[in-house]
Amino acid sequence: MHTSTDNLSAGLIHGENQESTPARAPAPAPSPLERGTLILGYVALVFVNVASSMGIFGPSNVVVSNTYPTAVTPAGYAFSIWGIIFVLEGSGVAFLSWPADGGSVRAITARCVRSSWLVMWTCQNLWQIVFVQTPLTPPTPYASLNTIFVPCCFLLLSSWAAGLTACRRLAVAGFQSHAAGVLVALGSAINTGWLSAASCIGLALVGQGCVGGPDAFNDTGAPLALASAATGGALLALQQWGAGYLGLGYAGAVAWALCAVAVNTANPASTPQVRSSALAGACVIAVGSAATVLARGLRLAGVNLPFGGSATRSGPSVPC
């Protein structure tokens, strides 16, 4: 029988909306090659980001972003979230790289995220290298920019998809560890949530290339749709993963990006309508997150709710 402490733990790693999963073969112990590959992948991620910021590949992505703003580009402070992502994922790599027995929490977690993290990081690295090749003087015709923006958008969407895969695998892993939740699940969720916002920027750049610039793209109403899509994705994450590391981490990253879009009045491509939509989206996510946490608290208190299942349920005892 699970205690209330067990149930609280379950909400943080797996989220209260995850059902119990059938037994599966124990995860094998990660080999030295697998652990080494993960370490090298993270080192490459840090190296490419530092090299890009130093201008080794060309103008920094900050310079390029300022040259080609979109209505959904957030204020510069929002990108400080990468510091949190690097710390969490670096700590996660250290956690997963320590030798582990087959079937252990570390082995299960590593099997969930290893390949997805490597794909996600590789796509992010390639995006950094390709994006900074954008000419700093808008060419004629403007649509020729899509020879760069389309591959960049594809890389962003691919990295986001890889992050989602890692999150989904973690959500059904069925292990008990807050260390894995903080060091692996939370970093995965925040990175993936931020990549969803970045993918919206990538799509906006492609759209601007197709119609001839930010003003024409804004006239289509597409930026409003992108802000709404990011908001919907965050709410879906809360619905699927609940009030745990995954659901709240993903939703929090999206809300952070939307708040930065809402206050970015210095952005020449921004419009009052998009800023209002972004602010509304961030508020909706905040309300949804609070409601999810409250619902979980009520279930732990034994209150049967008319939605989302009963207060007592079986399943893994640690939440993502």
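What shape does segment 199-269 have by the C-alpha gyration tensor, where a ≥ b ≥ c are the square roots of the eigenvalues, rounded means a/c under 1.5, and otherwise prolate means a/b greater than b/c and oblate the rest? Here segment 199-269 falls in the prolate category. Once you reduce segment 230-250 and segment 267-299 to the center of their Cα atoms, the two points are 12 Å from each other.
Look at where the Cα atoms of segment 123-162 and of segment 165-213 average out, and the two centres are 18 Å apart.
Would you mind checking the tilt of helix 186-211 against the longest principal axis of the Cα atoms of the chain, expressed as 0 to 90 degrees and rounded to 10? Value to nearest ten degrees: 30.
Taking the C-alpha atoms only, the angle from helix 222-241 to the longest principal axis of the chain is near 10 degrees.
The residues of segment 16-161 have, on average, 48 Å² of accessible surface per residue, using a 1.4 Å probe with all protein chains present. Only DSSP H runs of four or more residues enter the estimate; each adds -39500 (n - 2.57), and after division by the residues of the chain the mean residue ellipticity at 222 nm equals -22000 deg cm²/dmol.
Ordering 230, 191, 151 by Cα displacement along the dipole of the chain toward the positive end leaves 191 in first place; charges were set at the Cβ atoms of Lys, Arg (+1) and Asp, Glu (-1). The slack in the chain from residue 39 to residue 304, taken as 0.36 nm per residue of separation less the alpha-carbon distance, amounts to 90.9 nm.
Kindly express, to the nearest 10 degrees and within the range 0 to 90, the angle between helix 245-262's C-alpha long axis and the longest C-alpha principal axis of the chain. For helix 245-262, the angle is close to 20 degrees. In a solvent-free Debye calculation with one equal scatterer on each Cα, what is log10 I(q)/I(0) for the chain at q = 0.12, 0.15, 0.16 Å⁻¹, listed in the order of the q values? Results for the chain at q = 0.12, 0.15, 0.16 Å⁻¹ read -0.82, -1.16, -1.26.
The candidates 54, 120, arranged from most to least accessible area with a 1.4 Å probe in the full protein assembly, appear as 54, 120. A convex hull fitted around the alpha carbon atoms of segment 154-196 yields 47 Å³ per residue. Taking the Cα centre of the chain as origin and assigning +1 to Lys and Arg Cβ atoms and -1 to Asp and Glu Cβ atoms, the resulting dipole is close to 440 debye.
The values are calculated or read from the model by the stated rules, or taken from the named source; none is laboratory data. Everything numeric here is computed off the predicted structure, so don't read it as measured data. Because the Cβ atoms are built from the backbone with ideal geometry, glycine has one as well, and the counts that use them run over all protein chains shown. When the accessible area is computed, the model is the full protein with side chains, heavy atoms only, and any ligands, DNA or RNA have been set aside. Shrake-Rupley method; radii C 1.70, N 1.55, O 1.52, S 1.80 Å.
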